[in-house]
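Asker: The following block contains the structure, expressed as C-alpha cells.
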Amino acid sequence: MDENERLEPHDKERRDFLSCLGSAIACGAAAVAANSVASPATAATPATAAAAEPAIPGYDWSKHQWGFGVDAEKCIGCLRCVEACKKENNVALDPNHFRTWVERYVTLQNEDKARIDSQADPVNIAASPKEGEYRFANRYKDANVEKAFFVPKLCNHCTNPACVQVCPTGATYKTADGVVVIDHTYCIGCQYCVQACPYGARFFNEEKNVTDKCTWCYHRITKGLQPACVEVCPVGARVFGDRNDKQSPISQFIQNSRVRVLRPETGNAPNVFYVGIDKDVI
C-alpha cells in the first residue's frame, strides 16, 4: 500500500492542496524577501504579486477576502472547537499543541487584575477525562466571582503579518484571499515566525520539524465549507465568512457589533474581530 492509500480522505486533500501551493511559494519567496522592509501599506500582500494561483478546482482566490469573528459574550468554554480543530487538522492530541485555544478570564471581588487560564493549564488538564478531550476545572466554585468570560483565540491572519516578514524561505505567506498559510515543503524549522507572532498563535511540531498554526481550515473554506471550529460551536460564538459579501455572517457581525482586534498597536492589522472582551485580553 503506497502513502496515498494510507491517508484519510481529508488528509489527502490537505496534502494535495499544499502540493499545488508549492509552485506558488517558490516564486513567492523572492517577493517576500524583497518586501521584508516594506511600509505597512505595501507589506499587506508581500508574496501574492509574484505568486501563481494554486490549481484549486472551482475556486478563484482573487474574489474573496475572508474574515473571522469571535463573540466572547456567547462562548461557554465547552472546548468543542479545540477538539474539532485537532481532529480536522491532525494536531497532536497532547495539551501542548493547539491551532486554536480558549482562555478563561475571571475577576474576583477585591482584585483588579483578571486571572487567566486555558485548557493547557495543569489544573484543567487534570480535570479533563482523557487525552484529546478538554475541560475547564471548576476551581472558582467557592470564590466570589465578580466577572468571568471565555475568549477563543487563533491565528489572526493579519493584513500586515509579522510572521511573513521574517520567514527566510517564503514558507509562510499570505494568499490573495487574506489567509496566511505555511507550505511545509519550504519550512526549515527556524521558528523565526513563532517568535515574531505577537499573539502566540504558532507552535513548533517537533515530530515534523516544522511550525504550524491555524489556517482557517483553508482546505474547507475553498470548497464552500466552514472552518471546523465554526461548524461545531453550539452557541454561534465563532463567525466566519467573506468580507467581500456584505451580507455574509462576518460582514454583518462587523457592521452590527462594536468589534475590536487584539493588540492593534503592533501594526499587524488582525482579521479576527472580537465582541465582549475588555482591557485584560491581549
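Read-outs throughout are calculated quantities, based only on the coordinates presented, and are distinct from any laboratory measurement. Computed from a predicted model, the values in this text were never measured in an experiment. Cβ coordinates were reconstructed from backbone atoms using ideal geometry, including for glycine residues, and neighbour counts include every protein chain displayed.
Asker: Identify all residues within segment 129-158 that are crowded, with 17+ Cβ neighbours inside 10 Å and either β-branched (Val, Ile, Thr) or out of contact with any helix residue (DSSP H, G or I) (no Cβ under 7 Å at 6 or more places or on another chain) (or both); write none if there are none.
Answerer: Matches in segment 129-158: Phe149, Phe150, Val151, Lys153, Leu154, Cys155, Asn156, His157, Cys158.
Asker: Moving to a separate point now. Only one residue in Ala162, Ala143 is out of contact with any Phe, Trp or Tyr (no Cβ under 6 Å at 6 or more places or on another chain) and free of Cβ contacts under 8 Å to residues at least 60 places away in the same chain, so which one is that?
Answerer: Numbers: Ala162 fails: free of Cβ contacts under 8 Å to residues at least 60 places away in the same chain.
Among Ala162, Ala143, only Ala143 is out of contact with any Phe, Trp or Tyr (no Cβ under 6 Å at 6 or more places or on another chain) and free of Cβ contacts under 8 Å to residues at least 60 places away in the same chain.
Asker: Is there a residue being outside any loop (DSSP other than H, G, I, E, B), surrounded by fewer than 18 Cβ atoms within 10 Å (Cβ to Cβ) and aliphatic (A, V, I, L, M) anywhere in segment 231-238? Give the derivation first.
Answerer: Our first condition is that a residue be outside any loop (DSSP other than H, G, I, E, B); within segment 231-238, this holds for 231-232, 238.
The next check asks that each one be surrounded by fewer than 18 Cβ atoms within 10 Å (Cβ to Cβ); those that pass are 231.
Among the residues that remain, those that are also aliphatic (A, V, I, L, M) are: none.
Checked segment 231-238: no residue is outside any loop (DSSP other than H, G, I, E, B), surrounded by fewer than 18 Cβ atoms within 10 Å (Cβ to Cβ) and aliphatic (A, V, I, L, M).
Asker: Now a separate question. Considering Thr215, Thr185, Thr211, Thr222, which residue is closer than 20 Å to Val164 by Cβ, free of Cβ contacts under 8 Å to residues at least 60 places away in the same chain and among the hydroxyl-bearing types (Ser, Thr, Tyr)? Break it down into steps so the answer makes sense when it comes.
Answerer: Values: Thr215 fails: free of Cβ contacts under 8 Å to residues at least 60 places away in the same chain; Thr185 fails: free of Cβ contacts under 8 Å to residues at least 60 places away in the same chain; Thr222 fails: free of Cβ contacts under 8 Å to residues at least 60 places away in the same chain.
One residue alone meets the criteria, Thr211.
Asker: Anything in segment 186-230 that is more than 22 Å from Val261 (Cβ to Cβ) and part of a helix (DSSP H, G or I)? List them, or say none. Explain how you work it out, then say what you get.
Answerer: Here is the first cut: in segment 186-230, the residues more than 22 Å from Val261 (Cβ to Cβ) are 186-192, 204-212, 219-220, 222-225, 228.
Across segment 186-230, the qualifying residues are Tyr192, His219, Arg220, Ala228.
Asker: Select from segment 86-119 the residues that are small (Gly, Ala, Ser) and either surrounded by fewer than 17 Cβ atoms within 10 Å (Cβ to Cβ) or free of Cβ contacts under 8 Å to residues at least 12 places away in the same chain (or both) and list them in ascending order.
Answerer: Taking segment 86-119 and keeping what is small (Gly, Ala, Ser), we get 92, 114, 118.
Ala92, the sole residue that qualifies.
Asker: Here's something else I'd like to know. Name the one entry in Asn96, Asn138, Asn110, Asn144 that is out of contact with any Cys (no Cβ under 6 Å at 6 or more places or on another chain) and closer than 29 Å to Gln191 by Cβ. Explain how you work it out, then say what you get.
Answerer: Details: Asn138 fails: closer than 29 Å to Gln191 by Cβ; Asn110 fails: closer than 29 Å to Gln191 by Cβ; Asn144 fails: closer than 29 Å to Gln191 by Cβ.
That would be Asn96, the only listed residue that is out of contact with any Cys (no Cβ under 6 Å at 6 or more places or on another chain) and closer than 29 Å to Gln191 by Cβ.
Asker: Could you tell me whether any residue of segment 208-227 is over 14 Å from the mean Cα position of the chain (by Cα), surrounded by fewer than 15 Cβ atoms within 10 Å (Cβ to Cβ) and over 19 Å from Glu88 (Cα atoms)?
Answerer: Within segment 208-227, one or more residues are over 14 Å from the mean Cα position of the chain (by Cα), surrounded by fewer than 15 Cβ atoms within 10 Å (Cβ to Cβ) and over 19 Å from Glu88 (Cα atoms).
Asker: Next question, about the same structure. Is it true that some residue in segment 62-75 is buried (at least 17 other Cβ atoms within 10 Å of the Cβ), more than 17 Å from the chain's Cα centre (by Cα) and within 17 Å of Ile221 (Cβ to Cβ)?
Answerer: The answer is yes, given that some residue of segment 62-75 is buried (at least 17 other Cβ atoms within 10 Å of the Cβ), more than 17 Å from the chain's Cα centre (by Cα) and within 17 Å of Ile221 (Cβ to Cβ).
Asker: Return the residues of segment 239-266 that are in a loop (DSSP other than H, G, I, E, B) and not β-branched (Val, Ile, Thr); say none if nothing qualifies.
Answerer: Within segment 239-266, the subset in a loop (DSSP other than H, G, I, E, B) is 243-248, 257-259, 261-263.
Passing the criteria: Arg243, Asn244, Asp245, Lys246, Gln247, Ser248, Ser257, Arg258, Leu262, Arg263.
Asker: OK, next. Looking only at segment 188-207, filter to residues that are surrounded by fewer than 17 Cβ atoms within 10 Å (Cβ to Cβ) and among the small types (Gly, Ala, Ser); which one of those is nearest to Ala162 (Cα to Cα)?
Answerer: Gly200
Asker: So, restricting to strands (runs of 3 or more DSSP E) that lie completely within segment 77-181, which ones have at least 2 residues that are more than 25 Å from Ile56 (Cβ to Cβ)? Even if it seems obvious, please write down each step before you answer.
Answerer: Working: elements: 100-108, 115-118, 145-154, 172-174.
Once the strands (runs of 3 or more DSSP E) in segment 77-181 are filtered for at least 2 residues that are more than 25 Å from Ile56 (Cβ to Cβ), what remains is 100-108, 115-118, 145-154.
Asker: Filter segment 237-263 down to the residues that are closer than 25 Å to Ala148 by Cα and more than 17 Å from the chain's Cα centre (by Cα) and list them by number.
Answerer: Hits for segment 237-263 are Phe253, Ile254, Asn256, Ser257, Arg258, Val259.
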